[in-house]
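S.K.: Here it is: the structure, laid out below.
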Amino acid sequence: MIPPEGKSNDHNSAFDFKSYMISKAESVNSALDISVPLREPLTVQEAVRYSLLAAGKRVRPMLCIASCELVGGNEATAMPAACAVEMIHTSSLIHDDLPCMDNADLRRGKPTNHKVFGEDMAVLADDALLALAFEHMTVVSSGLVAPERMIRAVAELARAIGTTGLVAGQMIDLASEKLNPQDAGLERLEFIHLHKTAALLEAAAVLGVIMGGGTEEEIEKLRKYARCIGLLFQVVDDILDVTESTEELGKTAGKDVMAGKLTYPRLIGLERSREVAEKLREKAEEQLLGFDSDKAAPLVALASYIACRHN
């Protein structure tokens, strides 16, 4: 889970990323638990809590908090936006797992939402999380963030998940199944992952900077950083799909291959995929030059963590 020795940069070698990640995940989990109390109607609330509170790495909310801290903000200011991003991420996972989409049986080591609650409740839980994300971010942030910054954050998040973001990526991903890799090409594959995966990571980072009062220059640097780690995340995900077991992944291994999905190993091979991953990690770290090295340490370590993860 943590980059092996020799992978971290010298200026980041003393930073305890494992402790940082655990601490932020615990804070996020507590905030998420409070945000979705068990109330009537029980079934859909249970479905929401089942997926939202499942053991996840909380990479997106952690990215939001770390980006906020990078520009002088704090965890409390970032937390409503961090929770909103995780709610939308969870919503997208419930959605992606449905039989009409990726038809998955496992997510985070557990049966997928529709396998437990049925397709109808899974769709409603998906809808509920999407709406709750915006309500939670705006209501809980009231008084913490200037109204003009909140409006910008709402627009940023909405754009990231709509037809110019996550939805576009999912649509092209579905349309690309069974395509001959040579006919599809690398440009199409990058479009899928920049929209389906990187868009929400980008929103998480940008929201953190907005909440922390960052400048336009800082927003754009973190936007580029997040795009790099978003692509990196997916390249590694594609590699793991063909190199790790179902038990190690916590989801069905080889599912992308069986579905005929367009992936980096399928298009450019395993070794070149690993080379692409390393270049993306380096490019991500370049965007953090000029920031305070101590405040940037979690983001440098996050890029390495994503590059070296095993699930």
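The values are calculated or read from the model by the stated rules, or taken from the named source; none is laboratory data. Keep in mind the model is a prediction, meaning the values are calculated, not measured. Here Cβ is always computed from backbone atoms with ideal geometry, including for glycine, and neighbour counts include all displayed protein chains. For the accessible areas, the whole protein counts, side chains as well, though only heavy atoms, and no ligand, DNA or RNA atoms are used. Shrake-Rupley method; radii C 1.70, N 1.55, O 1.52, S 1.80 Å.
S.K.: Given only helices, namely DSSP H runs of n ≥ 4 each adding -39500 (n - 2.57), what is the per-residue ellipticity at 222 nm of the chain, to the nearest 500 deg cm²/dmol?
M.R.: Mean residue ellipticity, 222 nm, calculated: -23000 deg cm²/dmol.
S.K.: Would you work out the charge dipole size for the chain about its Cα centre, treating the Cβ of every Lys and Arg as +1 and the Cβ of every Asp and Glu as -1, and quote it to the nearest 20 debye?
M.R.: Using Cβ point charges on Lys, Arg, Asp and Glu, the chain gives about 80 debye.
S.K.: Over all distinct Cα pairs, what is the inverse of the mean 1/r for the range 87-193, reported as the Kirkwood hydrodynamic radius in Å?
M.R.: Its Kirkwood hydrodynamic radius stands at 15.7 Å.
S.K.: Take the Cβ-Cβ distance between ARG272 and ASP120 as r, set R0 to 45 Å, and report the resulting FRET efficiency rounded to the nearest 0.05.
M.R.: 0.55
S.K.: How large a share of the accessible area of the chain, in percent, is made up of carbon and sulfur atoms when the probe is 1.4 Å and the other protein chains stay in place?
M.R.: About 54 percent, which is the carbon plus sulfur part of the accessible surface.
S.K.: Something else about it: Give the Rg/Rh ratio for the chain, taking Rg as the radius of gyration of the Cα atoms and Rh as the Kirkwood radius, to two decimals.
M.R.: 0.95
S.K.: Whenever you get a sec, line up ILE151, ILE219, ILE22 from highest to lowest accessible area (probe 1.4 Å, protein heavy atoms).
M.R.: ILE151, ILE22, ILE219
S.K.: Pairs LYS24/LYS279; LYS110/LYS295; LYS221/LYS279: which are spaced more than 25 Å apart, C-alpha to C-alpha?
M.R.: The pairs that break the limit, which is 25 Å between Cα atoms, are LYS24/LYS279; LYS110/LYS295.
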